[in-house]
Amino acid sequence: MSLQKEPEKTNRSRFRSPRKSYILALLVIICITPLFFLVKGMTSARADSAIHHYFYVFPDHTLDVYDMDNNFQLVQQIPFPGTDGGRGIIADPASGSLYLSYHGDGGIHGTGSLLKYDLINNKIVWTQNYSVGIDSGALSPDGKTIYMPNGEAAYDGTWSVINTSDGTRRGTIFTINGDAAHNTIVGYTGKHVYLGGLNNSTFFTADPTTNKVTSSITKMAGGVRPFTINGSESLVFTTHTGLLGFQVSDLNSSKILYTVPVSGFTAPAGSTSAHGITISPDEKELYLIDTPNSYVHVFNISGLPATAPTQVANIKLSQPMTGSEIPCLYDCTKEGWLLHIGDGRYVVVGDSGDIIDTTTRTVAYHLDSVNNTRKFLEVDWQNGHPIFTTTRQGMGYVGVPASTALPTPITPGLPTATPIGTSTPTAVPSPTATTGPTPTATATTTVTPTPTVTVTPTPGPGTTLAQDTFMRANQNLWGKASDGQTWGGDANTQAAFSIHNNVGQIANGTGPSNAVLGPSATDAEVLFTGSMSSFTNNNLGAVLRWKDANNWYKAYISGTSLVIQAKVNGTATTLTQAAFAATANTAYSLRFRIVGTTLSAKAWATTAPEPTTWTATTTSTALTSGQCGLRIQVLGSTSASITAFQAMTAS
C-alpha cells in the first residue's frame, strides 16, 4: 500500500465572524525531499483511500496549499524564488504535474517563462524561458499540450503551442493582428481551444488538430476579459471591459444570446468592473464579481438557453477591493477573480481573500494569500497521487465526457465559521434585470479552532517594508522603487547606479556601494535576486540595521562563501561564514534575517528551490535598528544586476 504523499499539516486559517477573526498561523515550508504527512507530533502518514481536497494558491514567489477538508488550514508553502509576474497556474493530475507561467506578458513587460513542477516528488522538472510573452494558458485533456497566450502586452494575436514533456514550443495559433492574447480554455473533449483577448470584442474558437481558428463570436460588449464555459461546450459566459455584467453566447451558432447587466449597482464607464466569473458545477448558478462596489452577484442560469439569467443575490465582501497585490511585478491593481471549488460548496474571491459559502451566500473564510493573487485552483489526492483538478476558470460539469474526472464533496473537519451578513446598498435599479432578495445571514455556532502541535517553520514574509521590481524606464541612478519609495544610500548619488532593461545595475564601481530602501526597523528580513559579472574581489549582499556606511550587518556571497559580517563604528568583523560556490553571470537569491540578536542567512541559485534551513547563523548585540537594503562591492569593469528586492518585518 503506497503512502499518501500530500501537503504537510500545520494550522493557519482565518475564520470570519461578526465579532472575532481567529488567525492561526503555523506554516511549514516543505523540504526538498518528498513529504509524507509525517511530522513529529502531528498526523501520521496516511495510507488510506480517502480523497483529500487541497486548494493551491500562487502569489508571486510562493505556492500556498490549503486543506479544504479542514477549514482551509494552511498546510504547505512551496517557495518559487524568481517567479515574479505570475500569470497562470495549471494542474495535470494524471502526471502529477503543476505548471506555473510567470515573468513578462510580452511588449513592454518583456518575455515570459514556464516551469513544470512534480507534485509527487516535490521538485522542478523543467523551466523554459521564452522569446515571447506568457499569460494564462490551458492544458489539453491528454496532458501533452499547453496553449499559452503570448501575453496581453504583446498585441500579436498569438497563442503558443507548447509540449509539456520539455516546455518547447512546437507551433502557434493566430487570431488577428493586435489581439491582446490573454485567457484560454481547452474544452473537456479536447476538440476546441477557446481564446480571449482583453482588447478585442471578438471571441475565438480554434481546432487543436490544425491550430487554426474555426469560428468566432463578433461584436461583443467589449474586450473579452475572464470567461468560462458549460460542460457540454454549448455556451460561453464572457465578461467585458466596460460592462458591469456578462454575456451568454451559443458556441455552436456563434451568436450572442443574452447581455445581462447587474441590477442595482453602477460602475465607472470603461472600467474593468466584472473581472471574475464562475458557474456552479451543476450549472444552476453563476457568480460575478463587482470590483468597484466590493460585491459578488449571484444569477440563476438554470433556464438557459431558453430563459435569460436572473439576478438572485448580492453578497458584500468583508473588505473593500482596493489597492494592489503585494508582491507584484506589473498589472498590480486588484481586479478580482472567482472560482467555484470542485463540489460547488464555496466560491473563492481572488484579490479579496474571501471564501463564500454558496449554501448561505455569505463569507465564511478569509485567506490572506488569496487577497494578493488571482491565480489558484483545486487539486484532490487519493492514495498518494492527484486524481482531480479544477482549472482557474470555474467551468460547469454537466454533459462532460465519461472519461472526465468529476469532483467529489469536501468533508469539513469543523463546523463552518459564523458568516458575515450581507447587505445591498440603495441604488437605482436597472430596468433590464430583476433583482432577487439579498439573503439574511444565517447564525451558526462560532468555532473555536482545534490546536495542533507547533512545527518550527522556515520564516515566511511579514509586513512588507519596501519592494522594488526595477520595472521602469532606463535611467541614471535608481530613483524611485516600484513601491513609490526613493532609494537612499548611494543609489541616487553614485554614477555607478542605473536602471537598464528593467534591471537595477551597479557598474564600473570603485568599491562597496550602499542602496537602502524603506523605514528603519528592528526585526526584519531582506530577500533579493541578482548576479555578478565576476566574483573576483567583488561580492553581492544585503544589509540589515543599516545606519550609515560605517554601521550595518551584511550577508553576502563572495564566489566561494556565504558570509555574515558586522561593521560597527567603522570596524568590520566577520561573524560567521559557510562554503557557498557561486559563478559569474548566474542569478542567485539571498535571504538575510535578524530577530533580536540572531542573524541568519541563506543563498541559492534562483532556478532551484529555496533551502529549508539557514546556511549561516550567528548572534550580535552591537546594532539594534536601522534600514534594510543592499551593499555590493563592484570594482573596475565588473557589473552587478539586481532584478528583485523586498524587505519585510520578521518575528
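The values are calculated or read from the model by the stated rules, or taken from the named source; none is laboratory data. Computed from a predicted structure; not experimentally measured. Neighbour counts run over all protein chains shown; Cβ positions are idealised from the backbone, glycine included.
Looking only at strands (runs of 3 or more DSSP E) that lie completely in segment 18-99, which have at least 2 residues being at pLDDT 90 or above and within 16 Å of Val379 (Cα to Cα)? Step through it out loud before you land on a result.
Values: elements: 21-23, 52-57, 62-67, 73-79, 88-92.
Qualifying strands (runs of 3 or more DSSP E): 52-57, 62-67, 73-79, 88-92.
Test of understanding: among Ala269, Ala206, which residue is small (Gly, Ala, Ser) and at pLDDT below 95?
The conditions single out Ala269.
Taking into account only those residues within segment 349-361 that are surrounded by 24 or more Cβ atoms within 10 Å (Cβ to Cβ) and within 20 Å of Val312 (Cβ to Cβ), which is nearest to the chain's Cα centre (by Cα)?
So the residue we want is Val349.
State whether one or more residues within segment 204-218 are charged (D, E, K, R), more than 20 Å from Lys375 (Cα to Cα) and either without any contact (Cβ under 8 Å) to a residue 40 or more places away in the chain or assigned to a loop (DSSP other than H, G, I, E, B) (or both). Before the answer, list the steps.
The first filter runs over segment 204-218 and keeps only residues charged (D, E, K, R), leaving 207, 212.
Those left that are additionally more than 20 Å from Lys375 (Cα to Cα): 207, 212.
Pick out the ones that are also either without any contact (Cβ under 8 Å) to a residue 40 or more places away in the chain or assigned to a loop (DSSP other than H, G, I, E, B) (or both) and you get 207, 212.
Scanning segment 204-218 turns up at least one residue that is charged (D, E, K, R), more than 20 Å from Lys375 (Cα to Cα) and either without any contact (Cβ under 8 Å) to a residue 40 or more places away in the chain or assigned to a loop (DSSP other than H, G, I, E, B) (or both).
Counting only residues that are touching a Ser or Thr at 6+ places or on another chain (Cβ under 8 Å) and crowded, with 17+ Cβ neighbours inside 10 Å, how many does segment 129-151 have?
We begin by selecting, within segment 129-151, every residue touching a Ser or Thr at 6+ places or on another chain (Cβ under 8 Å); these are 129-139, 141, 143-150.
From what's left, crowded, with 17+ Cβ neighbours inside 10 Å: 130, 132-139, 141, 145-150.
Adding up the residues that qualify gives 16.
A quick yes/no check of all residues on (1) outside the structural domain of Arg472 (by TED's automatic domain parsing); (2) under 16 Å from Leu562 (Cα atoms); (3) in contact (Cβ under 8 Å) with a residue 24 or more places away in the chain; (4) out of contact with any Leu (no Cβ under 6 Å at 6 or more places or on another chain):
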residue: Ala603; (1), (2), (3), (4): no, yes, yes, no
residue: Thr607; (1), (2), (3), (4): no, no, yes, yes
residue: Thr613; (1), (2), (3), (4): no, yes, yes, yes
residue: Ala616; (1), (2), (3), (4): no, yes, yes, no
residue: Thr621; (1), (2), (3), (4): no, no, yes, yes
residue: Ile632; (1), (2), (3), (4): no, yes, yes, no
residue: Leu635; (1), (2), (3), (4): no, no, yes, yes
residue: Ser639; (1), (2), (3), (4): no, no, yes, yes
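If I ask for residues that are surrounded by 15 or more Cβ atoms within 10 Å (Cβ to Cβ) and among the polar types (S, T, N, Q), which ones from segment 565-608 would you list?
The answer is Gln565, Thr576, Gln577, Ser589, Ser600, Thr606, Thr607.
Six or more apart or on different chains, Cβ under 6 Å: which pairs go from a residue in segment 350-367 that's part of a strand (DSSP E or B) to one that's buried (at least 24 other Cβ atoms within 10 Å of the Cβ) and acidic (Asp, Glu)? Could you list them?
Within 6 Å, the pairs are Val363/Asp354; His366/Asp354.
Across segment 552-582, what is the number of residues that are more than 16 Å from Leu630 (Cβ to Cβ), in a strand (DSSP E or B) and not hydrophobic (A, V, I, L, M, F, W, C)?
Going through segment 552-582 one residue at a time, the tally reaches 6.
Tell me which residues, restricted to segment 162-197, are of a type outside the set (S, T, N, Q), touching a residue at least 40 places away in the same chain (Cβ under 8 Å) and outside any loop (DSSP other than H, G, I, E, B).
Within segment 162-197, Ile162, Gly171, Ile173, Ala181, His182, Ile185, Val186, Val193, Tyr194, Leu195, Gly196, Gly197 qualify.
Suppose the filter is of a type in the set (Ser, Thr, Tyr) and more than 21 Å from Ala181 (Cβ to Cβ); does Ser232 pass it? Break it down stepwise before answering.
Details: of a type in the set (Ser, Thr, Tyr): yes; more than 21 Å from Ala181 (Cβ to Cβ): yes.
Yes.
Is segment 123-136 home to any residue that is assigned to a strand (DSSP E or B), without any contact (Cβ under 8 Å) to a residue 60 or more places away in the chain, on the phi < 0 side of the Ramachandran plot and out of contact with any Lys or Arg (no Cβ under 8 Å at 6 or more places or on another chain)?
Going through segment 123-136, the residues assigned to a strand (DSSP E or B) turn out to be 123-129.
If we keep only those that are without any contact (Cβ under 8 Å) to a residue 60 or more places away in the chain too, we end up with 125-126, 128-129.
Narrowing further to those that are on the phi < 0 side of the Ramachandran plot: 125-126, 128-129.
If we keep only those that are out of contact with any Lys or Arg (no Cβ under 8 Å at 6 or more places or on another chain) too, we end up with 128-129.
Yes - at least one qualifying residue is present in segment 123-136.
Examine segment 258-272 for a residue that is of a type outside the set (Ser, Thr, Tyr), in a strand (DSSP E or B) and either buried (at least 23 other Cβ atoms within 10 Å of the Cβ) or over 30 Å from the mean Cα position of the chain (by Cα) (or both), and state whether such a residue exists. Walk me through it before giving the result.
To start, the set of residues in segment 258-272 that are of a type outside the set (Ser, Thr, Tyr) comprises 260-262, 264-265, 267-270.
When the remaining residues are screened for being in a strand (DSSP E or B), the result is 260-261.
Then drop every residue that is not either buried (at least 23 other Cβ atoms within 10 Å of the Cβ) or over 30 Å from the mean Cα position of the chain (by Cα) (or both), which leaves 260.
Within segment 258-272 (the criterion being of a type outside the set (Ser, Thr, Tyr), in a strand (DSSP E or B) and either buried (at least 23 other Cβ atoms within 10 Å of the Cβ) or over 30 Å from the mean Cα position of the chain (by Cα) (or both)), the answer is yes, since at least one residue qualifies.
Could you tell me whether Ala507 is touching a residue at least 12 places away in the same chain (Cβ under 8 Å) and more than 30 Å from Thr649 (Cβ to Cβ)? Quick ask: steps written out before the conclusion?
Values: touching a residue at least 12 places away in the same chain (Cβ under 8 Å): yes; more than 30 Å from Thr649 (Cβ to Cβ): yes.
Here the answer is yes, as Ala507 does meet what is asked.
Return the residues of segment 495-511 that are crowded, with 17+ Cβ neighbours inside 10 Å and either among the hydrophobic types (A, V, I, L, M, F, W, C) or farther than 16 Å from Leu540 by Cα (or both); say none if nothing qualifies. Spell out how you get there, then give the answer.
Going through segment 495-511, the residues crowded, with 17+ Cβ neighbours inside 10 Å turn out to be 496-499, 502-507, 509.
Result: Ala496, Phe497, Ser498, Ile499, Asn502, Val503, Ile506, Ala507.
Which of the numbered conditions does Gly110 fail, given that it passes all the others? Conditions: (1) more than 29 Å from Arg170 (Cβ to Cβ); (2) modelled with pLDDT under 95.
(1)
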